[in-house]
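The values are calculated or read from the model by the stated rules, or taken from the named source; none is laboratory data. Worth saying up front: this structure is predicted, and the values here are computed from it rather than measured. Positions of Cβ are backbone-derived with ideal geometry, glycine not excepted, and every protein chain shown enters the neighbour counts. Only protein heavy atoms, including side chains, enter the accessible area calculation; ligands, DNA and RNA are left aside. Shrake-Rupley method; radii C 1.70, N 1.55, O 1.52, S 1.80 Å.
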Amino acid sequence: MTATGGGPALPGTDAPARDDGGSGVTAAHAPRLRTVLDLAKVEASLLVRSLLVLAGLLAGGAVVWVFIHRAEPLWWEVGWKIGFGQLVLGMAVLVAAQLAAGRARRDGLADLYASFPATAAARTLAHLAGLAGAVPASLLLVGAATAVVQVRGAIGIPGVVVLAGGLLLVIAAGAAGVAIGSRFPHPLAGVLGALALLLSSGTYRLASGAAIWLVPWETSQGQLGELPGPLAGYPPAGAHAAELAGLAALAGTAALAVTVRRARARGGLAAAGIIAAAVICSAGALQLRPIPTADLNHLVSEVADPASVQRCTTASQVRYCLFPGFGGQLLSLEAPVHAVLAQLPARPDQPLTVRQVVGLSLPDPALTHGHPNREVSQWDAQVQHAPGNTIAAPAATIYLPVGAWPAAGGQLADANFDLALATAQWAVRIPPQTTGSPTSELFPCVPLDQAREAVAIWLAILATHPPASELQDGLPTGTHFFGAEVRNTFVPTWHYPGFGAGYVTPPGGGPGNTAAGFLLANAMTSLPEQQVSHVLTDAWGRWLNWRTTDAQLAAALGIRMPSVPLPPSLRPGFKPQPGMRIVNQPGPQNPVCTA
Amino acid sequence: MIPQSPNISHAEGAPRAPGQPVRRTWRPRLSWLRALPFLARPITRTMPWATLITGCLAGTVFLAVLAHAAQTSGWLLDQGTVRLAFLPPVAALAFVPRVPFRPVTQAVPVPAWVAPAGHLLLAVPVLAATCWAQLRIMMRTIPPHTLGHPPAVYPLIAQLTGWCAVTTAAAACAGRSRYADLGGAIAAPVSFAAIALAWHVPVSARLLVGPPATAHGVTIAWYAVASAALALTCVAMRDQWHRYSRNLHRLSSPDHNPS
């Protein structure tokens with residue numbers, strides 16, 4: 001049942017005074033408030049049972065899940081993302097409210113409704129009060145999302161004002177629906193109103209700078225997920241909630257203005273509209289205020305020198321340095337690292353450090369608006385030299401970008417493998433020799449035909465046991481072939497699980513992994529673990545030497561070196577098709593890892 | 001309202017005597033085709049032009065505003081923006097295949113689906129013109145000497161065609177439900193949800209979204225979707241809707257007739 005259906009006969013609707021200029025019977029004094037409340041109860045009941053609202057609730061829940069299930073559950077970001085679901089629910093409530101408010105004028109039923117005791121103004125007021133029927137759905141969405149986020153190990157605490165803003169968004173959307181339905185009864189008007197709500201909030205670059213917070217619920221910009229903690233005024237939740245409340249009041253006033261005819265009432269509505277507009281303008285001005293310099297200075301110092309605020313813990317001679325509040329992740333990080341370390345015959349002299357870094361991107365007008373250019377340039381320079389943003393990284397430090405570590409599921413398994421692989425690459429001493437620039441293109445060094453690469457991959461596989469199919473998916477196929485240009489030779493490469501997701505940043509960005517190295521490591525996993533460990537332990541120093549080849553390791557293990565797939569154009573007997581031209585133009589070269 | 005068999009002549013208006021069997025008269029199956037020329041005007045007049053044009057204008061104005069912002073800010077509109085701007089026309093299309101008084105139109109000699117089918121045919125050029133205008137607006141934001149070729153337009157056209165067909169099918173199906181009076185209001189969100197699902201669910205996205213699908217693959221997939229949706233639309237529009245046969249037998253039997 002949608003909110004467009006008719007309601008039952010109402011008790012207490014006996015002859016209220018007409019104020020809509022209709023031709024019905026006029027009564028002097030009637031229990032108008034009781035009429036409105038009874039009507040509102042019915043409308044709220046219809047809205048609660050509306051299929052549209054139910055569908056909006058389900059769609060909103062799905063949207064929230066899509067936005068949060070991959071990312072690290074940081075409350076200062078998730079709270080705002082729950083609002084994306086409220087936006088979808090708000091669209092459904094807008095359509096349902098428009099259908100309900102337009103009911104009296106749709107299909108030529110105006111005369112029939114004019115004969116009812118309740119006036120048009122009373123009905124509109126009841127529609128507005130009936131929006132309370134959308135509150136349970138909104139609260140249910142907030143509650144379910146909060147439960148899911150908490151179960152996934154949320155970091156921080158929920159922002160009550162942000163969550164309340166989502167509720168106000170639903171109410172404001174419903175009020176807009178009533179206003180639209182009071183003036184335009186055709187159902188298309190509601191659908192267009194819902195689309196306008198979606199497009200105003202979801203269109204990239206419709207607003208920029210601090211103005212992104214002025215749209216009903218900004219969905220496409222912002223760096224909330226990269227921050228190591230909540231930043232006051234980003235987003236300006238309180239002012240935004242006030243803006244939404246003002247919009248709801250303005251829409252309600254507009255809806256009543258369409259139906260009320262008495263001059264005194266219209267005067268009151270005009271005053272209410274002016275107050276609502278003033279609230280909206282004031283809230284907008286508050287949202288456009290620059291973020292305080294002290295807060296930005298603190299943020300930039302956290303980004304540029306994370307060690308100054310981080311808490312470090314040492315476990316099994318590995319230091320884990322995390323921002324305050326992220327301590328709950330320690331166990332999740334320790335597991336893959338320790339699983340690799342447990343397999344090592346000997347560790348490098350320099351101890352390993354796993355450190356969180358912030359991938360903040362400056363200049364960002366939404367963050368730095370209202371501040372002098374000189375100050376913004378200084379912040380930008382500091383951030384560019386922050387750990388994780390330069391390729392000149394220490395060889396014994398693995399960086400962990402804030403917001404990148406997933407909470408659960410397949411992404412967490414991939415992240416575990418990535419951390420294990422980075423640890424193993426440190427353990428076999430593959431050096432950070434990346435060339436290029438982080439702002440343009442990076443060319444990681446390639447351990448071309450080096451036994452230590454296969455050893456590192458084998459250690460990571462042993463530590464985390466990823467599915468074999470996922471490992472094989474990273475190999476070149478007949479249609480997708482990836483590789484690197486090393487010493488003017490095309491080298492097929494292997495994309496490990498989670499490649500490109502940025503869960504961790506190994507020293508220097510990490511080497512490029514060859515397909516040959518993976519295939520040898522994969523063959524090693526088919527051998528008894530004791531046998532491989534024995535071979536590796538016997539000549540650990542030899543296998544770490546960058547001149548020791550894959551073939552030598554394969555021979556020591558008593559297995560054949562697997563054949564590496566070549567791109568079609570490099571296979572023997574390849575004949576180019578008519579019109580195909582092979583261009584032997586040397587591209588950018590990746591260095592060989594040589595230390 | 002009782003739907004009549006097409007074999008019963010409507011010219012014979014005289015009430016039949018009780019107990020007298022219905023005399024079936026022969027009429028060519030497609031005889032209603034002769035009435036088509038006379039239907040052109042009422043179909044054109046009952047076409048929801050205001051609804052359709054409002055939707056088309058809303059999307060185009062939105063795109064024009066974005067194009068103005070793009071030109072002043074120095075960024076380019078892409079096909080994704082055109083997709084967003086085509087949502088309002090698609091929403092308006094959901095209100096086109098509506099039969100306002102279906103029980104009445106069901107009883108006339110011309111099949112009930114002729115009017116909505118005619119409305120859909122009339123909507124095609126309007127939607128095509130909207131698509132053309134929106135593509136022109138997008139292209140105007142791209143400087144003439146931009147490096148590289150802009151992405152091909154034919155997959156986008158196939159995609160928008162598919163969206164329109166899916167929406168039409170949803171509207172036709174909603175028109176056969178208890179929500180027939182609000183077919184468009186139901187069909188628009190349903191089709192948007194279907195489009196969003198197709199876009200984000202990995203299984204369908206591999207076929208319908210490029211990349212990873214190739215431009216040719218996307219085009220073929222969306223035209224296949226459009227064909228299936230049109231077939232579903234045809235089936236839904238030819239549906240007889242109300243089925244009273246069992247109840248009518250009961251009502252006409254002497255046991256249920258007190259007189």
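Among the trypsin sites (Lys or Arg not before Pro) in the stretch B:117-199, those located in a DSSP loop and surrounded by at most 10 other Cβ atoms within 10 Å of their own Cβ are B:ARG178. Secondary structure note: in the stretch A:269-368, about 60% of the DSSP beta bridges are antiparallel. Of all complete DSSP H helices in chain A, those with a Cα span along the helix axis of 18 Å or greater and a mean Kyte-Doolittle hydropathy of -1.0 or more are A:32-48, A:51-68, A:75-101, A:135-151, A:160-183, A:187-202, A:237-259, A:263-287, A:409-427, A:451-464. Dipole of chain A (Lys/Arg Cβ +1, Asp/Glu Cβ -1, origin at the Cα centre): which of A:CYS321, A:HIS69, A:ASN297 lies farthest to the positive side? After comparing all options, I get A:HIS69. Near A:GLY483, the amide H atoms lying under 5 Å from its own belong to A:THR493; only residues 5 or more places off or on other chains count, and H is placed 1.01 Å from N. Net charge in the neighbourhood of A:CYS312 (other residues with Cβ under 12 Å of its Cβ; Lys, Arg +1, Asp, Glu -1) is +3. If R0 is 56 Å, the Cβ-Cβ spacing of B:ARG45 and A:LEU140 corresponds to a FRET efficiency of close to 0.75. Extending 7 Å from Cα along the Cβ direction at A:ARG542 and again at A:LEU527 yields two label points whose distance is 1.2 nm.
If you plug the beta carbon distance of A:ALA147 and A:SER45 into 1/(1 + (r/R0)^6) with R0 = 22 Å, you get a FRET efficiency near 0.25. Packing-based ranking of B:106-113, A:288-295, B:92-99 yields B:92-99, B:106-113, A:288-295, ordered from highest to lowest mean Cβ neighbour count within 10 Å. With pairing defined as another cysteine C-beta under 4.7 Å, the cysteines of chain A that fail it are A:CYS281. With the whole protein complex present, B:MET237 retains an accessible surface near 20 Å², based on a 1.4 Å probe.
A cut-off under 15 angstrom between Cβ atoms defines the neighbours of A:VAL428, and their net charge, with Lys, Arg +1 and Asp, Glu -1, is +1.
Entry note, chain A: relative contact order of 12 percent, from Cα contacts under 8 Å with a spacing of 6+ residues. Figure note: A:ARG319, B:ARG45 ranked by solvent-accessible area, largest first, 1.4 Å probe, ligands and nucleic acids not counted: B:ARG45, A:ARG319. Among the residues of B:179-191, the average count of other protein chain beta-carbon atoms within 10 Å of the residue beta-carbon is 5. The label-point distance for A:ALA501 and A:ARG264, in a model that sets each label 7 Å from Cα toward Cβ, rounds to 6.7 nm.
Using a Förster distance of 25 angstrom, determine the FRET efficiency expected from the C-beta separation of B:ALA180 and B:HIS200, and round it to 0.05. Mind showing how you got there, number by number?
Numbers: r = 30 Å, r/R0 = 1.21.
For B:ALA180 and B:HIS200, the calculated efficiency is 0.25.
Centre-to-centre, using Cα atoms only, the stretch A:60-95 and the stretch A:245-277 are separated by 31 Å.
Label separation (B:ASP239 vs A:THR314): 7.3 nm, computed from points 7 Å beyond Cα along the C-beta direction. Counting only protein chain heavy atoms and rolling a 1.4 Å probe, the accessible areas of A:TRP65, A:TRP546, A:TRP494, B:TRP75 rank, largest first, as A:TRP65, A:TRP546, B:TRP75, A:TRP494.
Near A:GLU375, once Lys and Arg are set to +1 and Asp and Glu to -1 for all other residues with Cβ below 14 Å from its Cβ, the sum equals -2.
In chain A, the DSSP beta bridges split such that about 60 percent are antiparallel, to the nearest 5.
In the stretch A:283-428, the DSSP beta bridges split such that about 40 percent are antiparallel, to the nearest 5.
By its C-alpha gyration tensor, with a ≥ b ≥ c as the square roots of the eigenvalues, how is chain A shaped: rounded for a/c under 1.5, else prolate for a/b larger than b/c, else oblate? Note, shape of chain A comes out prolate. Of B:THR44, A:THR423, the residue with the largest accessible area leads and the full order is B:THR44, A:THR423 (1.4 Å probe).
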